Amino acid sequence: MHRLTLGDFELTILSDGNYFLDGGAFFGVIPKVMWSKRMQPDELNRLSCGLNSVLVRGATKTVLIETGIGNKLGERMKKIYAPEEKLLNSLHAVGVAPEEIDVVINTHLHFDHCGWNTVYRDGRAVPTFPNAKYYVQRGEWEYAQRASERDRISYISDNYDPLIRSGQMTLLSGNQEQEIVPGISVEVWPGHTRNMWAVFVRSAGKTACYISDLIPTTWHLEPTWAMAYDLFPMEVLDNRKRYYARAIPEKWLTIFTHDPHVPWAYLDKVEGKMTFKVA
Ligand SMILES: [Zn+2]
């Protein structure tokens, strides 16, 4: 199990299992001869990727960052992504019931980040975490309402619209960093989508950052290794550099949403190349 203490917080990686992504889509303009040296795809050119959520336990609140891919995909999508639907088992394994989650934070609303927000009961999507307050950036939700033909498939409204209708999900506005509970805050870091959040956990002078799809795995550390899914690749480039300019000297623990092997690490740049040290 991946667990560590950060000041007053205990952080535990909760996996929703692995899922498949197309190697070409995962590495965008990077030629296969280059990325396949790091990662061998299967015969269908697929890479087995992780779905890492983080349970943050503090003195008062129990917070869940991201809710994985969930169990609501249709048959065709299930065939493509092969979700393992493990998040609730991972939560159970650390002795936490869904009712004990106080806060759920979604960095953005792509279906592989908010899938367990809800489950179907009698054909209706109901909250998986009945006592939680859910949070997402307002602009992300607004975009999801009118997503383009290119990325409409990335949004499943049953993951969030029922929560918004019932008032259980709060939409935050503005690009400044905002604290959700003491020590845990969110800030818009554009590139993957216009309104995606990074989530910061700070205590006792230490910082952990769930940078989400801006840097999805340790294979994506080089600023130019962007995903084909990224809507604003030039901003991915700039914002990764901006991130490293603080994360390296300030020794932030970086949490990787889709890395199947390294859920978190400390970053460095050695002789012009990005490197990492497993936490
Ligand atoms: Zn995404």
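The values are calculated or read from the model by the stated rules, or taken from the named source; none is laboratory data. Worth saying up front: this structure is predicted, and the values here are computed from it rather than measured. Every residue, glycine among them, receives a Cβ derived from its backbone with ideal geometry; neighbour counts consider all protein chains shown. Just the protein is used for accessible areas: all its heavy atoms, side chains included, with ligands, DNA and RNA removed. Shrake-Rupley method; radii C 1.70, N 1.55, O 1.52, S 1.80 Å.
What the table shows:
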quantity	calculated
Hey, residue 276 of a type in the set (Phe, Trp, Tyr), over 21 Å from residue 150 (Cβ atoms) and in contact with a helix residue (DSSP H, G or I) (Cβ under 7 Å, 6 or more places away or on another chain) or not	yes
Subset tally (residues that are out of contact with any helix residue (DSSP H, G or I) (no Cβ under 7 Å at 6 or more places or on another chain), closer than 28 Å to residue 186 by Cα and either acidic (Asp, Glu) or in a strand (DSSP E or B) (or both)) for region 61-83	4
Residue within region 23-33 that is without any contact (Cβ under 8 Å) to a residue 60 or more places away in the chain, assigned to a strand (DSSP E or B) and in contact with a strand residue (DSSP E or B) (Cβ under 6 Å, 6 or more places away or on another chain) present	no
When residues of region 220-241 are limited to those that are in a helix (DSSP H, G or I) and open to solvent by 10 Å² or more (accessible area, probe 1.4 Å), the one farthest from the ligand (Cβ to nearest atom)	241
Hits in region 257-267 - residues which are open to solvent by 70 Å² or more (accessible area, probe 1.4 Å) and closer than 23 Å to residue 190 by Cα	266
Top-ranked residue of region 126-169 - restricted to ones that are of a type outside the set (Phe, Trp, Tyr) and assigned to a strand (DSSP E or B), ranked as farthest from the chain's Cα centre (by Cα)	126
Test: residue in region 211-219 that is open to solvent by 30 Å² or more (accessible area, probe 1.4 Å), within 16 Å of the ligand (Cβ to nearest atom), farther than 23 Å from residue 60 by Cβ and at pLDDT 95 or above	no
Matching residues in region 108-124 - criterion: being more than 15 Å from the ligand (Cβ to nearest atom) and either modelled with pLDDT of 95 or more or crowded, with 24+ Cβ neighbours inside 10 Å (or both)	116, 118, 119, 120, 121, 122, 124
Condition check for residue 254: open to solvent by less than 10 Å² (accessible area, probe 1.4 Å) and among the polar types (S, T, N, Q)	yes
Test: residue in region 171-194 that is within 14 Å of the ligand (Cβ to nearest atom), at pLDDT 95 or above and open to solvent by 50 Å² or more (accessible area, probe 1.4 Å)	yes
Contacts under 7 angstrom Cβ, first residue in region 253-279 being within 15 Å of residue 52 (Cα to Cα), partner open to solvent by 90 Å² or more (accessible area, probe 1.4 Å) and of a type in the set (Val, Ile, Thr), 6 or more apart	262/278; 265/278
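Condition check ((1) at pLDDT below 95; (2) of a type in the set (S, T, N, Q); (3) more than 21 Å from residue 209 (Cβ to Cβ)) across all residues:
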site	(1), (2), (3)
9	no, no, no
24	no, no, yes
38	yes, no, yes
70	no, no, yes
75	no, no, yes
78	no, no, yes
